[in-house]
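Participant: First the structure, which I've put down as structure tokens, then a few questions once you've had a look.
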Amino acid sequence: MEDPRHPAPESSQRDAAITYAEEQLADHHRAESWHQWGFYFFQSLTVVAAATATVMAVSDTSDIAPEYRAIPAAVATLGASVLAAFQFRTAWVRHITAVRSLKFELLKFRNELREYRSTEPRPQTEGVDAFLHQVQEISRAGHGEQQEAAEKGAV
């Protein structure tokens with residue numbers, strides 16, 4: 001019988017792999033929240049500023065100096081530029097996908113489902129290696145590294 005205070009090397013590798021995956025999951029969840037906030041903030045700012053600029057353009061503006069009437073239009077333009085440059089929505093969706101994929105991989109690995117099921121005698125490290133490889137691929141995709149590499153190769 002195995003002493004629970006001194007787990008077998010395979011179980012410590014398994015626990016380390018799960019810990020690594022959970023850290024990646026937390027990282028993508030933080031990034032997802034940040035990009036969601038950025039998208040909503042700049043999207044709202046742009047819409048409100050554009051609406052304000054439109055209302056100011058059609059209203060009686062004799063009491064407002066022309067330089068002040070230009071501010072809402074400038075804010076709307078800057079907000080749209082930030083949205084286009086930083087692609088908050090695209091990054092937000094990538095991180096949502098990564099979070100869901102990592103949760104699914106953790107579920108499969110913890111429960112030894114599909115490719116992590118050992119149907120024949122083989123070293124447990126093969127399943128751990130496959131799991132770590134999959135976690136790294138998902139994490140890279142979540143950070144957009146595959147997309148950036150594809151864009152560099154196409155240029």
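The values are calculated or read from the model by the stated rules, or taken from the named source; none is laboratory data. Small disclaimer: the values here were computed from a predicted structure and weren't measured. Cβ coordinates were reconstructed from backbone atoms using ideal geometry, including for glycine residues, and neighbour counts include every protein chain displayed.
For (1) modelled with pLDDT of 90 or more; (2) more than 20 Å from residue 142 (Cβ to Cβ), each residue gets a yes or a no:
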{"site": "41", "(1), (2)": "yes, yes"}
{"site": "58", "(1), (2)": "no, yes"}
{"site": "68", "(1), (2)": "no, yes"}
{"site": "80", "(1), (2)": "yes, yes"}
{"site": "87", "(1), (2)": "yes, no"}
{"site": "90", "(1), (2)": "yes, no"}
{"site": "98", "(1), (2)": "yes, no"}
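Residues are listed down the side, and each one gets a yes or a no for (1) surrounded by 15 or more Cβ atoms within 10 Å (Cβ to Cβ); (2) out of contact with any helix residue (DSSP H, G or I) (no Cβ under 6 Å at 6 or more places or on another chain):
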{"site": "17", "(1), (2)": "yes, no"}
{"site": "20", "(1), (2)": "yes, yes"}
{"site": "23", "(1), (2)": "no, yes"}
{"site": "62", "(1), (2)": "no, yes"}
{"site": "87", "(1), (2)": "yes, yes"}
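Participant: Can you list residue pairs whose Cβ atoms sit under 6 Å apart, with the first residue in region 13-30 being farther than 22 Å from residue 91 by Cα and in contact (Cβ under 8 Å) with a residue 24 or more places away in the chain and the second being aromatic (Phe, Trp, Tyr) and in a helix (DSSP H, G or I)? Count only pairs 6 or more apart in sequence or on different chains.
Facilitator: From region 13-30, the pairs are 17/131.
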